[in-house]
Amino acid sequence: DALELAEGECEPLPDPPPTDNLITPWSKSYGGDIERSLGTGEGYTSLELSNDGRLLLASTGTNAVLKATEAGDVVWARTLAQPSRPDFARLDPLHAVPMLDTGILVSTNQGVLVNLTQNGEVEWGAQLESDHDGEGHWAAARVGDAIWLGGNHRLLASTERQAWLVGLEPDGSVA
């Protein structure tokens with residue numbers, strides 16, 4: 001559709017409505033030492049709103065998925081491990097995305113997907129396999145009743161990078 005942009009001065013913003021609510025800022029710190037051996041050594045954290053109204057934080061820096069109240073109180077914190085795979089002994093969670101069935105899908109830097117319950121218990125895990133070499137960059141989002149994972153990676157023995165996109169059903173199967 002055609003779009004026209006208005007020209008000239010804008011009207012001033014209206015005064016905000018009166019309120020007696022007070023904003024009380026706060027901050028809290030979670031976790032201990034940060035262990036990183038990949039890339040620049042910086043961690044990555046994502047923040048999502050869970051189905052129960054609490055906050056989901058996934059952090060590669062602390063290797064943890066954390067659920068907290070809006071007041072900053074920790075409901076639970078989980079680290080993800082694969083004891084049978086020494087190369088991925090600790091997984092780096094990139095995103096914790098709430099699912100429609102109230103589960104929480106966690107994508108990790110190592111291409112592993114983990115589905116957690118609202119209480120943080122592991123329901124299932126799966127490995128995404130590709131011809132990538134090293135780490136890529138991931139993004140995850142819930143759109144309707146599907147989960148979309150996207151990212152980029154470098155091809156084996158090449159400097160070329162390619163983008164990828166995977167759609168998942170609510171049960172974690174590939175759409």
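When segment 93-106 is limited to residues that are open to solvent by 10 Å² or more (accessible area, probe 1.4 Å) and more than 18 Å from VAL166 (Cα to Cα), the one that is nearest to the chain's Cα centre (by Cα) turns out to be THR102.
Against the test of being modelled with pLDDT of 85 or more, under 29 Å from GLN127 (Cβ atoms) and among the acidic types (Asp, Glu), the options GLU42, GLU35, GLU48 yield a single qualifying residue, GLU48. Is it true that some residue in segment 127-137 is modelled with pLDDT of 75 or more and not acidic (Asp, Glu)? Checking segment 127-137: at least one residue is modelled with pLDDT of 75 or more and not acidic (Asp, Glu). Within segment 140-175, the set of residues being at pLDDT 75 or above, within 18 Å of ASN109 (Cα to Cα) and hydrophobic (A, V, I, L, M, F, W, C) comprises ALA140, ALA141, ILE147, TRP148, LEU149, ALA163, TRP164, LEU165, VAL166, LEU168.
For ASN109, the conditions (1) within 17 Å of VAL174 (Cβ to Cβ); (2) open to solvent by less than 50 Å² (accessible area, probe 1.4 Å); (3) modelled with pLDDT under 85 are fulfilled apart from (1).
The values are calculated or read from the model by the stated rules, or taken from the named source; none is laboratory data. Note that the coordinates shown come from a computational prediction; the quantities given were computed from them, not determined experimentally. Cβ atoms come from the backbone with ideal geometry, glycine included; neighbour counts cover every protein chain shown. Please note that ligands, DNA and RNA were not included when accessible areas were found on the heavy atoms of the full protein model with its side chains. Shrake-Rupley method; radii C 1.70, N 1.55, O 1.52, S 1.80 Å.
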